[in-house]
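Heads up, the thing below is written out as structure tokens.
The values are calculated or read from the model by the stated rules, or taken from the named source; none is laboratory data. Being a predicted model, the structure only gives us computed values, none of them experimental. Quick reminder, even Gly has a Cβ in these numbers, built from the backbone with ideal geometry, and neighbours come from all protein chains shown.
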């Protein structure tokens, strides 16, 4: 049975995402709806919470199944959506497993750390990203604790409880203002080459030469305009680049006039990597992806189950291989940490960070048009605040399809 409370809670939790997607994000409204969302989680029943979790997952992640279109697995999309909804429905259900507010507080905090199947894009603090409050775990805890205390004492001390909330929220606002750190952009002239290529066309032989030619022409254009660095998206060259001597030699030659960062596949001993290639002064460095997309690049399940799924659904294809640790490139004397797509929104890629500058390359054509690129941008903003970062990010999407 549908509950309007569950529907409203899902809408409150999703308001920040869709207001940003439609370009009407307002801090005041984001703040109000985010607080109302957390308040709702504290007062809903188990059944209402289950439905709220199910609907919230659909509103945030309805695009997940889009990538299966390119594997001729379209029939799996409804199953995937239901599975995702049920997963978060169950997680939300346990918020109300016990009525005691202290239990709910502890569980919700724990829930903000839970990442089913290593997919970490659901963060309960994320609705505050474009609000008057911050998104750190400490600030989220204070918001949650203040609401718990308000619910506990509102009947006994009504005026005092309201005053307590106002003072606490004003303090959080001031703390958020004082904690913002400005990072100066790197002292380089950087050409960000975003592309708009349909994922279905990207790997077809009839389009490959056109894509490669456009990449080379754009690099030459950036050289003519006196740029120091050009960044191309993930798999901008749709091939195994380390096995193509002609393109490697051309990029090495061009790199005497401009530094080049681009995505492409890498193959070694019959194993494949999703990689970033860096060319400068005729030399090449390669950074392999460290964190793979769950069920997109790797199946995060035990080996026997993983092999069974790969055999049945992916024609026996193996998971991509990974590097053991992130890579930092030094480009014209400036250090940049490399991150490929999903990695941009994981803590692993920011370990042992020795620079605030991040080069992020993505291919969102797997999921667009959808809210996925918007959610990724908001998550990047989350990590930007968490680690005091400056992003140079480029992507391929089909929102403005050209090929």
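Could you list, in sequence order, the residues of region 6-25 that are within 15 Å of residue 133 (Cα to Cα) and at pLDDT below 95?
Within region 6-25, 25 is the sole residue that qualifies.
Look through 361, 349, 340 and report the one residue that is free of Cβ contacts under 8 Å to residues at least 60 places away in the same chain and under 16 Å from the mean Cα position of the chain (by Cα).
Numbers: 361 fails: free of Cβ contacts under 8 Å to residues at least 60 places away in the same chain; 340 fails: free of Cβ contacts under 8 Å to residues at least 60 places away in the same chain.
Exactly one of 361, 349, 340 is free of Cβ contacts under 8 Å to residues at least 60 places away in the same chain and under 16 Å from the mean Cα position of the chain (by Cα), namely 349.
Could you check residue 355 against (1) in contact with a strand residue (DSSP E or B) (Cβ under 7 Å, 6 or more places away or on another chain); (2) surrounded by 18 or more Cβ atoms within 10 Å (Cβ to Cβ); (3) not in a strand (DSSP E or B) and say which number it fails?
Here residue 355 meets the rest and fails (2).
Are any residues in region 312-331 loosely packed, with under 15 Cβ neighbours inside 10 Å and at pLDDT 95 or above, and if so, which ones? Explain how you work it out, then say what you get.
Kept after step one, since they are loosely packed, with under 15 Cβ neighbours inside 10 Å, are these residues of region 312-331: 312, 314-318, 324-325, 330.
Within region 312-331, just 330 meets the criteria.
Name the residue, out of 197, 247, that is outside any strand (DSSP E or B), modelled with pLDDT under 95 and in contact with a strand residue (DSSP E or B) (Cβ under 9 Å, 6 or more places away or on another chain).
Every option except 197 fails the conditions.
With the checklist (1) modelled with pLDDT under 95; (2) under 22 Å from the mean Cα position of the chain (by Cα); (3) assigned to a helix (DSSP H, G or I) in hand, flag the one item residue 183 doesn't pass.
(3)
Is there a residue in region 203-215 that is outside any strand (DSSP E or B), touching a strand residue (DSSP E or B) at 6+ places or on another chain (Cβ under 6 Å), assigned by TED's automatic domain parsing to the domain that holds residue 322 and free of Cβ contacts under 8 Å to residues at least 40 places away in the same chain? Steps first, answer last, please.
From region 203-215, those outside any strand (DSSP E or B) are 203-215; that's our starting set.
Checking the rest, the ones that are also touching a strand residue (DSSP E or B) at 6+ places or on another chain (Cβ under 6 Å) come to none.
No, the conditions are met nowhere in region 203-215.
Against the condition in a helix (DSSP H, G or I) and either modelled with pLDDT under 95 or closer than 16 Å to residue 284 by Cα (or both), how does residue 218 come out, does it pass?
On the way: in a helix (DSSP H, G or I): yes; either modelled with pLDDT under 95 or closer than 16 Å to residue 284 by Cα (or both): no.
No, not satisfied.
Please indicate, with yes or no, whether at least one residue in region 73-80 is more than 20 Å from the chain's Cα centre (by Cα), in contact (Cβ under 8 Å) with a residue 24 or more places away in the chain and over 20 Å from residue 121 (Cα atoms). Working first, answer last.
At the first step, the residues of region 73-80 found to be more than 20 Å from the chain's Cα centre (by Cα) are 73-79.
Cutting the leftovers down to in contact (Cβ under 8 Å) with a residue 24 or more places away in the chain gives us 73, 76.
Imposing the further condition that a residue be over 20 Å from residue 121 (Cα atoms) reduces the set to 73, 76.
Yes, region 73-80 contains a residue that is more than 20 Å from the chain's Cα centre (by Cα), in contact (Cβ under 8 Å) with a residue 24 or more places away in the chain and over 20 Å from residue 121 (Cα atoms).
Residues that are buried (at least 18 other Cβ atoms within 10 Å of the Cβ), assigned to a loop (DSSP other than H, G, I, E, B) and not assigned by TED's automatic domain parsing to the domain that holds residue 295: does region 140-150 have at least one?
No, every residue in region 140-150 fails to be buried (at least 18 other Cβ atoms within 10 Å of the Cβ), assigned to a loop (DSSP other than H, G, I, E, B) and not assigned by TED's automatic domain parsing to the domain that holds residue 295.
Can you find a residue that is at pLDDT 95 or above, in a loop (DSSP other than H, G, I, E, B) and either in the same structural domain as residue 201 (by TED's automatic domain parsing) or out of contact with any strand residue (DSSP E or B) (no Cβ under 8 Å at 6 or more places or on another chain) (or both) anywhere in region 257-279?
Yes: one or more hits.
Give just the number: which of (1) farther than 27 Å from residue 321 by Cβ; (2) surrounded by fewer than 16 Cβ atoms within 10 Å (Cβ to Cβ); (3) assigned by TED's automatic domain parsing to the domain that holds residue 292 does residue 219 not satisfy?
Tallying (1) farther than 27 Å from residue 321 by Cβ; (2) surrounded by fewer than 16 Cβ atoms within 10 Å (Cβ to Cβ); (3) assigned by TED's automatic domain parsing to the domain that holds residue 292, residue 219 fails exactly one: (2).
Just to be sure before I move on: is residue 338 at pLDDT 90 or above and buried (at least 17 other Cβ atoms within 10 Å of the Cβ) in the structure I sent? Spell out how you get there, then give the answer.
Numbers: at pLDDT 90 or above: yes; buried (at least 17 other Cβ atoms within 10 Å of the Cβ): yes.
Yes: the conditions hold for residue 338.
Of these, 59, 13, 102, which one is touching a helix residue (DSSP H, G or I) at 6+ places or on another chain (Cβ under 7 Å) and surrounded by fewer than 21 Cβ atoms within 10 Å (Cβ to Cβ)? Explain how you work it out, then say what you get.
Details: 13 fails: surrounded by fewer than 21 Cβ atoms within 10 Å (Cβ to Cβ); 102 fails: touching a helix residue (DSSP H, G or I) at 6+ places or on another chain (Cβ under 7 Å).
Only one candidate qualifies: 59.
With the requirement that a residue be within 21 Å of residue 374 (Cα to Cα) and either part of a helix (DSSP H, G or I) or more than 17 Å from the chain's Cα centre (by Cα) (or both), what does region 36-64 give you? So that I can check it myself, show each step before the final result.
Step one: filter region 36-64 for residues within 21 Å of residue 374 (Cα to Cα), giving 37, 53-64.
Within region 36-64, 37, 53, 54, 55, 56, 57, 58, 59, 60, 61, 64 meet the criteria.
Okay, residues lined up against (1) outside any strand (DSSP E or B); (2) out of contact with any helix residue (DSSP H, G or I) (no Cβ under 8 Å at 6 or more places or on another chain); (3) outside the structural domain of residue 264 (by TED's automatic domain parsing); (4) crowded, with 22+ Cβ neighbours inside 10 Å:
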site	(1), (2), (3), (4)
365	yes, no, no, yes
369	yes, yes, no, no
378	yes, no, no, yes
381	yes, yes, no, no
384	yes, yes, no, no
392	no, yes, no, no
